[in-house]
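Enquirer: For reference, the structure I am asking about is given below.
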Amino acid sequence: MKQLTMVFAILFTCISCGQEKIDLAGTKWRFFVTEDVYNYIIFTRDSTYISYDCELGVKFFGRYVVSADTVIKYQERSDFETDPTGILPDGSTHLTGKETILLLHKNGQLFFSEEVKYTKDETYVEEELEER
């Protein structure tokens, strides 16, 4: 029994060592739609995030959790919680509210899908974060 416990402890240690620890706090990640136009996600130190969609021109806000190699974004609201003009149809992406979004961290990138890969912005300085 003692040997079996030791084998499991060693096995668990080996498996844990193989996983990359992800620390997103204070980082910005970009997905380039064209050469000069990109979406971004800023992960703050208080486990919240701001995500910008350049095609919609909308910012999304929420909380995030890192679990192994997966980033779980709990989107809570967007810039457009209401439509003051009354011209947006029900279900418009501009009015998107609560949503859960998964990103996979692999080889130093965040994958939303095979086509949508975010890379870390190495020039980002956390103080750039604008007021919400």
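The values are calculated or read from the model by the stated rules, or taken from the named source; none is laboratory data. No experiment lies behind these values; they were computed from the predicted model shown. Cβ coordinates were reconstructed from backbone atoms using ideal geometry, including for glycine residues, and neighbour counts include every protein chain displayed.
Enquirer: Would you confirm, using the coordinates I've provided, whether residue 20 is part of a loop (DSSP other than H, G, I, E, B) and modelled with pLDDT under 90?
Expert: On the way: part of a loop (DSSP other than H, G, I, E, B): yes; modelled with pLDDT under 90: yes.
Taking the combined requirement at face value, the residue satisfies it.
Enquirer: Please find, within the stretch 23-69, the residue that is surrounded by the fewest Cβ atoms within 10 Å (Cβ to Cβ) out of those that are among the hydroxyl-bearing types (Ser, Thr, Tyr) and in a loop (DSSP other than H, G, I, E, B). Steps first, answer last, please.
Expert: Applying the first criterion (among the hydroxyl-bearing types (Ser, Thr, Tyr)) to the stretch 23-69 yields 27, 34, 38, 40, 44, 47-49, 51-52, 64, 67.
Cutting the leftovers down to in a loop (DSSP other than H, G, I, E, B) gives us 34, 44, 47.
Working: 34: 7, 44: 17, 47: 14.
Of everything passing the filter in the stretch 23-69, 34 is surrounded by the fewest Cβ atoms within 10 Å (Cβ to Cβ).
Enquirer: Pairs, please: C-beta under 8 Å, at least 6 apart or cross-chain, first residue under 17 Å from residue 31 (Cβ atoms) and in the stretch 93-111, second assigned to a loop (DSSP other than H, G, I, E, B) and at pLDDT 85 or above?
Expert: 101/112; 103/112; 104/69; 105/22; 105/69; 106/69
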